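Read through the structure below, which is laid out as structure tokens, and then see the notes.
The values are calculated or read from the model by the stated rules, or taken from the named source; none is laboratory data. Only a predicted model underlies this, so the values are computations on that prediction, with no experimental measurement involved. All Cβ positions, even for glycine, are placed from backbone atoms using ideal geometry, and neighbour counts span all protein chains on display. Note: accessible area is taken over every heavy atom of the protein model, side chains too, but ligands, DNA and RNA are not part of it. Shrake-Rupley method; radii C 1.70, N 1.55, O 1.52, S 1.80 Å.
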Amino acid sequence: MEITEISFVRGFIRMCNDGWEQGWHERNGGNLSYRLKPEEVEEIRPFLNTNGEWKEIGTDVPKLSGEYFMVTGSGKYFRNVILDPADSTCILEIDETGSKYRICWGLVHGGRPTSELPSHLMNHEVKKDISKGKHRVIYHAHPANVIALTFVLPLTDEVFTRELWEMATECPIVFPSGIGVVGWMVPGGREIAVATSELMKQYDVAIWAHHGMFCSGEDFDLTFGLMHTVEKAAEILVKVYSMTNAKRQTITPQDFRDVARDFHVTVPEKFLYEKSSPERP
Ligand SMILES: [Zn+2]
């Protein structure tokens, strides 16, 4: 059996390629990580090298000690993952202190895990805790419409959540807890990782101004679908504000409460504020 025949590896590769085909991964943009289930670690054990050198993560994630992750490589291109996953991705193990990792498979021509590894692992740590182990996928992409909106809307959780919810009835059902927004920061380090993981305590979606988006979810379908839904809503919003500066009609706060009731989701009241004008915020 080849490692690429294993279900989670196939799912990981497919998600990378789906993101590439959406146009969210120019050059080496974006990164993906998946926390393996215990039975999946056993399934791939014959492929793992456990003599690798332990390296510093750059932050501490003690609640992830002993966990295994599949992640994309730093400087690797999403469009190449499907052609040669052993070159573009890796499987790594976290040590018992949660401060080091070692590569157990992949990156066969050298390289490092994604430069956003601190953000991914800190988000995983928060989400593993809050979801009681259900969330396993963290996905970062560069979808153009969401990024465009970070130049024209106020960078607040309330405005981004409300404006995107109004663009499609499915939105408050797909991301009922809303969206967090981080102002522009230098990527790749601990500071932006801390800011993002702080938002992930409340939300499954975080937007990085003038950069892109992070999504968290239970599996590949849900996490890709979340990214896709938010970006589709952003595309509609860009079209709306390209045609007019003021909406003639929209989904109202009471409409959202009605949807939440019938679809058994909780929508925080902080997003259902009264607007003073139908114009662009
Ligand atoms: Zn990025």
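State which residue pairs qualify: first residue hydroxyl-bearing (Ser, Thr, Tyr) and inside the range 103-127, second residue buried (at least 22 other Cβ atoms within 10 Å of the Cβ) and assigned to a helix (DSSP H, G or I) in any location, beta carbons under 6 Å apart, and separation of 6 or more residues or different chains.
SER119/ALA193; SER119/THR196
Only one of (1) part of a helix (DSSP H, G or I); (2) within 16 Å of the ligand (Cβ to nearest atom) fails for ALA206. Which number is that?
(1)
Among PHE151, PHE160, which is away from the ligand (no atom under 13 Å from the Cβ), within 22 Å of GLY23 (Cβ to Cβ), touching a residue at least 24 places away in the same chain (Cβ under 8 Å) and open to solvent by less than 20 Å² (accessible area, probe 1.4 Å)?
Answer to the selection: PHE160.
Just to check your reading of the model, which residue among LYS63, LYS55 is more than 16 Å from the ligand (Cβ to nearest atom), more than 19 Å from the chain's Cα centre (by Cα), under 21 Å from LYS100 (Cβ atoms) and touching a residue at least 60 places away in the same chain (Cβ under 8 Å)?
Numbers: LYS55 fails: touching a residue at least 60 places away in the same chain (Cβ under 8 Å).
Going through LYS63, LYS55 in turn, just one is more than 16 Å from the ligand (Cβ to nearest atom), more than 19 Å from the chain's Cα centre (by Cα), under 21 Å from LYS100 (Cβ atoms) and touching a residue at least 60 places away in the same chain (Cβ under 8 Å): LYS63.
Those residues that are more than 13 Å from the ligand (Cβ to nearest atom) and buried (at least 19 other Cβ atoms within 10 Å of the Cβ), I need them from the range 18-32; list them, please.
TRP20, the sole residue that qualifies.
Residues are listed down the side, and each one gets a yes or a no for (1) farther than 21 Å from GLU5 by Cα; (2) open to solvent by 30 Å² or more (accessible area, probe 1.4 Å); (3) touching a His at 6+ places or on another chain (Cβ under 6 Å):
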| site | (1), (2), (3) |
| --- | --- |
| VAL81 | no, no, no |
| ALA86 | no, no, no |
| GLU96 | yes, yes, no |
| HIS120 | yes, no, no |
| LYS128 | yes, yes, no |
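Have a look at THR114, THR59, THR72, THR50 and point out the one that is of a type in the set (Val, Ile, Thr), open to solvent by less than 40 Å² (accessible area, probe 1.4 Å) and touching a Cys at 6+ places or on another chain (Cβ under 9 Å).
Values: THR114 fails: touching a Cys at 6+ places or on another chain (Cβ under 9 Å); THR59 fails: touching a Cys at 6+ places or on another chain (Cβ under 9 Å); THR50 fails: open to solvent by less than 40 Å² (accessible area, probe 1.4 Å).
Matching residue, one of THR114, THR59, THR72, THR50: THR72.
Scanning for something of a type in the set (Asp, Glu) and modelled with pLDDT under 95, does the range 116-129 turn up at least one residue?
Yes; the residues of the range 116-129 include at least one that is of a type in the set (Asp, Glu) and modelled with pLDDT under 95.
If you take the residues of the range 212-227 that are more than 16 Å from the ligand (Cβ to nearest atom) and small (Gly, Ala, Ser), which of them is surrounded by the most Cβ atoms within 10 Å (Cβ to Cβ)?
Residue satisfying both the conditions and the ranking: GLY217.
For the range 214-266, what are the residues that are among the small types (Gly, Ala, Ser), in a helix (DSSP H, G or I) and in contact (Cβ under 8 Å) with a residue 60 or more places away in the chain?
Listed by number, the residues that qualify are ALA233, ALA234, ALA260.
Given the residues VAL41, VAL71, VAL126, which is the only one that is aliphatic (A, V, I, L, M) and outside any helix (DSSP H, G or I)?
Result: VAL71 is the single residue among VAL41, VAL71, VAL126 that is aliphatic (A, V, I, L, M) and outside any helix (DSSP H, G or I).
So, PRO113, is that one on the phi < 0 side of the Ramachandran plot, within 16 Å of the ligand (Cβ to nearest atom) and in contact with a Phe, Trp or Tyr (Cβ under 8 Å, 6 or more places away or on another chain) or not?
Yes, satisfied.
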